[in-house]
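Engineer: I'd like to ask some things about the structure below.
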Amino acid sequence: MVKQIALFMLFAVLVQGNLTGQKGGESTYNFLGLTSSARVAALGGKNVAIMDDDINLVFHNPSLLTPGMNMDLNLNYVNYFAGVNFGYASYAFTLEKAGNFAAGIHHINYGQFDRTNEYGVAEGTFRASEYAINLVYSRSFLNPSLNFGVNLKPIFSSLEQYTSFGLALDVGGTYHNVNTNTTVGLVFKNMGVQLTSYTGTREKLPFEIQAGISQRLAHAPFRFGATFQNLERWDLTYVKKEEDLFNTPADQNQRSRLDIFGDKLMRHMVFGMEFLPGKNFHIDVGYNYKRRKEMKMNVRPGLVGLSMGFGFRISKFHFAYGRSAYHIAGGTNHFSLTTSLSGFYRKKKGE
């Protein structure tokens, strides 16, 4: 098993070396990277290595789809910034000997805008929105502890009179050791192409490689995890051009090589911790270093980069809430609702 995992990781490294990373403004369909799940948002915004039959996690790594999610349904809603709202809904089912399947839709609504001509004269309003269908398949491979999954995503984008179609694919793998409660995950996200462009020029998709590990303690109700984002590109630092004008070589040399290396390394890491006192309640806390470095104001950094949330079960429904601090001006609120339709089916059948 160790040999199989090593070969899988080697394949990831080889692929990584032949791909260029994407940063903000260099790709289209960037809504694909938004986190809808309240639980994942509370854990820092990204997580690909928790194996506990939560259908909300499948969006982030298709190999996390398991038979335990059979007939599970989830609804997610996010109140974003400036009137923007987005969400995700999906349903999972398992066919014996065939594998695990799920279908979902990811949607973002940018709201209503005023349309004006070149002279500023109002000419009505228009709306903008984007959609991605998620078609997921997974199954164990060679060993029950090793799971693989794919997520095919047809994409449609409508921005005023401009439209675009695209096709993306996520490929993921997970190793879960039930004896040690350790999970390792790896996923290649948004591999694909823009089939039709907005104005005749095709753009790249927001490709990303993510890896993660989580460990639940054997004798304490805690799970710790780390997710490594944007592995396809080492340097994720961003410096404004106007800052370069005022930074002299002497100022830049004040930072040691170790400090620069540590900063670049930490931008790839998202940390999360869960408090799990029982099956029906959990508290989540996360820290996203890259988000904090990019979004904080030096004079008043506040809680930027931190996130937290909780979840609880009432009868057949599981509710979750997550809050992420993006800027001193505010944060995002994430709401998730999950239920299993099999519970309702069994109840009716027994009556």
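Engineer: Please list, in order along the range 260-268, the HN-Hα scalar couplings obtained from phi with the Karplus expression 6.51 cos²θ - 1.76 cosθ + 1.60 (θ = phi - 60°), rounded to whole Hz, x for Gly and Pro.
Structural biologist: Computed from phi, the couplings for the range 260-268 are 5, 4, x, 5, 5, 5, 5, 5, 8 Hz.
Engineer: Among Met273, Asn181, Leu159, whose Cα lies farthest out toward the positive end of the dipole of the range 2-350, if unit charges sit on the beta carbon of Lys, Arg (+1) and Asp, Glu (-1)?
Structural biologist: Asn181
Engineer: Considering only the other residues whose Cβ falls under 11 Å of the Cβ of Leu231, what net charge follows from Lys and Arg at +1 and Asp and Glu at -1?
Structural biologist: Spelling it out: positives minus negatives among the neighbours equals 0.
Engineer: Using Cβ contacts closer than 10 Å as the measure, can you line up Glu294, Glu118 from fewest to most?
Structural biologist: The most exposed by this proxy come first: Glu118, Glu294.
Engineer: When only Cα pairs under 8 Å and 6 or more residues apart are kept, what is the percent relative contact order across the range 2-350?
Structural biologist: Taking the mean separation of contacting Cα pairs over the length of the range 2-350, I get 19 percent.
Engineer: While we're looking at this one, here's another question. Excluding residues fewer than 8 places away in the same chain, name every one of the aspartates and glutamates whose C-alpha is closer than 20 Å to that of Lys316.
Structural biologist: Cross-link targets: Asp52, Asp53, Asp54, Asp72, Glu351.
Engineer: Between the range 161-176 and the range 26-91, how far is it from one alpha carbon centroid to the other, in angstrom?
Structural biologist: Centre-to-centre distance over Cα atoms comes out at 13 Å.
Engineer: Rounded to a whole number, what is D in µm²/s for the range 25-123 from Stokes-Einstein with the Kirkwood radius over alpha-carbon pairs (20 °C, 1.002 mPa s)?
Structural biologist: Roughly 137 µm²/s, to the nearest whole number.
Engineer: Continuing with this model, one more query. Give the order of Arg323, Arg300 when sorted by the count of other beta carbons within 10 angstrom, beginning with the fewest.
Structural biologist: Placing the least packed residue first, the sequence is Arg300, Arg323.
Engineer: Go ahead and estimate [θ] at 222 nm for the chain from helices alone: -39,500 (n - 2.57) per DSSP H run with n ≥ 4, summed, over the residue count, rounded to 500.
Structural biologist: -4500 deg cm²/dmol
Engineer: I would also like to ask the following. Determine the dipole magnitude for the range 27-149: charges of +1 sit on the beta-carbon of Lys and Arg, -1 on that of Asp and Glu, nothing else is charged, the reference point is the Cα centre, and the result goes in debye to the nearest 20.
Structural biologist: 200 debye
Engineer: Past the 22 Å Cα-Cα mark, which pairs from Lys204/Lys293; Lys153/Lys264; Lys46/Lys293; Lys153/Lys204; Lys46/Lys296; Lys264/Lys293?
Structural biologist: In this structure, Lys204/Lys293; Lys153/Lys264 lie more than 22 Å apart at Cα.
Engineer: Follow-up. Can you put Thr174, Thr338 in order of Cβ neighbours within 10 angstrom, beginning with the fewest?
Structural biologist: By the 10 Å Cβ count, ascending: Thr338, Thr174.
Engineer: Which one of Met273, Met308, Met71 has the biggest mean-square fluctuation once the chain is modelled by GNM with Cα springs under 10 Å?
Structural biologist: For the chain, modelled as a Gaussian network with Cα springs under 10 Å, the answer is Met71.
Engineer: Per residue, what volume in Å³ does the convex hull of the Cα atoms of the chain enclose?
Structural biologist: For the chain, the hull spanned by Cα atoms encloses 192 Å³ per residue.
Engineer: Does the range 285-344 come out rounded, prolate or oblate by the C-alpha gyration tensor, with a ≥ b ≥ c the root eigenvalues, rounded set by a/c under 1.5 and, if not, prolate when a/b is larger than b/c and oblate if not?
Structural biologist: In terms of gyration-tensor shape, prolate.
Every number in this text was worked out from the coordinates using simple rules, so none of it is lab data. Remember, predicted model here, so these are calculated numbers, not experimental data. Backbone-built Cβ (ideal geometry, glycine too); neighbour counts: all protein chains shown.
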